[in-house]
Amino acid sequence: MSDTIDRATQLLAMTQRLVSLLEVEIEALKARRLLGTATDWDEKERLVHAWRIEVSKVKAEPNLIAGIPESLKADLRTAAKQLEEGLEVHANTLLASKTVTEGLVRSIANEIASTRSAPAAYGRSGAVNTGARREASGLAVNAKA
């Protein structure tokens, strides 16, 4: 019985720590601090790996945590729900960030292409011909700036 309680308690602690790390990362993403998302990366990676293995074991053999107190079961359910909700918020935040970033890059590329296109000139009929518009252009970004 003690082993099942220990296993459930450890699983709960891992889940709660993952939730707290995820919340910190979400706040960093919302504040547009991309370097903040790399904080505690090694710990997150180890925890996610250990958590996934432990959850797989429990799913394969439910008796590993059978007989734990109801309060511990409720805590595990709550933590799992918080993790699931946090992962959904994280995914939505990443998607929003990706959409904004791609829009900015596309806008910058279009602006560069429009300024680099050939100048307007007169054609055979005397009408102004605009230069061929290029849709893409090379762009160098100084990531350290």
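The values are calculated or read from the model by the stated rules, or taken from the named source; none is laboratory data. Since the model is a prediction, treat every value here as computed from it, not as a measurement. Positions of Cβ are backbone-derived with ideal geometry, glycine not excepted, and every protein chain shown enters the neighbour counts.
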List the residue pairs whose Cβ atoms are under 6 Å apart, where the first residue sits in segment 30-55 and is over 29 Å from Ala8 (Cα atoms), the second is in a helix (DSSP H, G or I) and aliphatic (A, V, I, L, M), and the two are 6 or more positions apart or on different chains. Gly36/Ala28
Kindly check whether there is at least one residue in segment 113-121 that is in contact with a strand residue (DSSP E or B) (Cβ under 8 Å, 6 or more places away or on another chain) and either of a type in the set (D, E, K, R) or at pLDDT below 75 (or both). yes
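Residue-wise test of (1) part of a helix (DSSP H, G or I); (2) surrounded by 14 or more Cβ atoms within 10 Å (Cβ to Cβ); (3) on the phi > 0 side of the Ramachandran plot; (4) of a type in the set (Ser, Thr, Tyr).
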| position | (1), (2), (3), (4) |
| --- | --- |
| Leu72 | yes, yes, no, no |
| Arg77 | yes, no, no, no |
| Glu84 | yes, no, no, no |
| Asn92 | yes, no, no, no |
| Ala96 | yes, no, no, no |
| Val100 | yes, no, no, no |
| Val105 | yes, no, no, no |
| Ala109 | yes, yes, no, no |
| Thr115 | yes, no, no, yes |
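Scanning for something within 22 Å of the chain's Cα centre (by Cα), over 21 Å from Thr93 (Cα atoms), among the charged types (D, E, K, R) and part of a helix (DSSP H, G or I), does segment 14-25 turn up at least one residue? Quick ask: steps written out before the conclusion?
If we filter segment 14-25 for residues that are within 22 Å of the chain's Cα centre (by Cα), which is where we start, we get 14-25.
Filter once more, so that each one left must be over 21 Å from Thr93 (Cα atoms): 14.
Among the residues that remain, those that are also among the charged types (D, E, K, R) are: none.
Within segment 14-25, none of the residues are within 22 Å of the chain's Cα centre (by Cα), over 21 Å from Thr93 (Cα atoms), among the charged types (D, E, K, R) and part of a helix (DSSP H, G or I).
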Quick test of your reading of the structure: Lys44 fulfils all but one of (1) surrounded by fewer than 17 Cβ atoms within 10 Å (Cβ to Cβ); (2) in a helix (DSSP H, G or I). Name the failing condition by number. (1)
Under the condition of being within 27 Å of Leu94 (Cα to Cα) and among the aliphatic types (A, V, I, L, M), which residue from segment 47-70 is surrounded by the most Cβ atoms within 10 Å (Cβ to Cβ)? Leu47
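Taking the stated definitions as given, is Lys59 among the basic types (Lys, Arg) and within 30 Å of Lys98 (Cα to Cα)? Explain how you work it out, then say what you get.
On the way: among the basic types (Lys, Arg): yes; within 30 Å of Lys98 (Cα to Cα): no.
So Lys59 does not fit the description; no.
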